[in-house]
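Working notes for the structure below.
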Amino acid sequence: NAGVTQTPKFQVLKTGQSMTLQCAQDMNHEYMSWYRQDPGMGLRLIHYSVGAGITDQGEVPNGYNVSRSTTEDFPLRLLSAAPSQTSVYFCASSYSEGAGQGYTFGSGTRLTVV
Amino acid sequence: AQSVTQPDIHITVSEGASLELRCNYSYGATPYLFWYVQSPGQGLQLLLKYFSGDTLVQGIKGFEAEFKRSQSSFNLRKPSVHWSDAAEYFCAVGAGGYNKLIFGAGTRLAVHP
């Protein structure tokens, strides 16, 4: 089925560990983004990309890295996990830049840092 | 700065009753506005969106929303709620270029039989 695929669905990390959250879409969307969802705070933008080779920071980028080597994939790297990064992470994609395009969201990765 | 406020954190309605979820935004230009729904353990699904034109927008699952520029509001409505509508609802505004969305904190809807 076409859509946005995130792996893993659940992950527990120890403080200081690193890991990569995977995101792939098969809709040929140019725009991809990563959000984190925390209770009472809605979704906050971490990083986004407007096409292969182009990334930029969102509202809460510290502690995260991204790259976009292909149109399909947009992995999110946690460099040194901290308990404050315990959250649910969503990847989303859409056609072209310009506010107004609805996103397609993945089903999320629930991350716990202990 | 752009922002979205959803004043109601939790709402409980009876099945068959009407529903209105409130959303207020702060944005300098003409906004792009969205409502998303999130079922437990799931990602977000787009219910409807407003770009321009008719201020009453129809969406999926029987939902509609009305854009009121004078009140900076984009409230979501449904005339008769079903038990399957229990979920969390997010209002969002498209903030300028690069397709960035700013989300409200969400409203959790419970439906009593």
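Computed quantities for the displayed model
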item: Average beta-carbon neighbours from other chains, 10 Å sphere, peptide A:50-61; result: 1
item: Within the protein assembly as shown: Cβ-based charge dipole about Cα centre, in debye rounded to nearest 20 (Lys, Arg +1; Asp, Glu -1); result: 380
item: Residues with amide H under 5 Å from that of residue B:15, placed H, sequence gap 5 or more; result: B:112
item: Binned Cα-Cα distance frequencies in chain A - 5 Å width, integer %; result: 2, 13, 24, 27, 19, 10, 4, 1
item: Extended-chain gain in nm, criterion 0.36 nm per residue less alpha-carbon gap, residue A:27 and residue A:10; result: 3.7 nm
item: Spin-label model distance (nm) - residue A:70 vs residue B:61, 7 Å beyond Cα toward Cβ; result: 3.3
item: Residue A:54/residue B:72 FRET efficiency (R0 22 Å; Cβ-Cβ; nearest 0.05); result: 0.10
item: From phi via Karplus (6.51, -1.76, 1.60), per-residue ³J(HN,Hα) for the stretch A:26-38 in Hz, x at Gly/Pro; result: 10, 10, 6, 6, 7, 9, 9, 8, 10, 10, 10, 10, 10
item: Calculated FRET value between residue B:18 and residue B:51, using beta carbons and R₀ = 30 Å, to 0.05; result: 0.70
item: Count of Lys pairs (Cα-Cα under 23 Å; at least 8 positions apart or interchain) in the protein assembly as shown; result: 7
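Values in this text are rule-based calculations from the coordinates and carry no lab data. Everything numeric in this text was worked out from a predicted model, so none of it was measured. Positions of Cβ are generated from backbone atoms using ideal geometry, with glycine treated the same way; all protein chains shown enter the neighbour counts.
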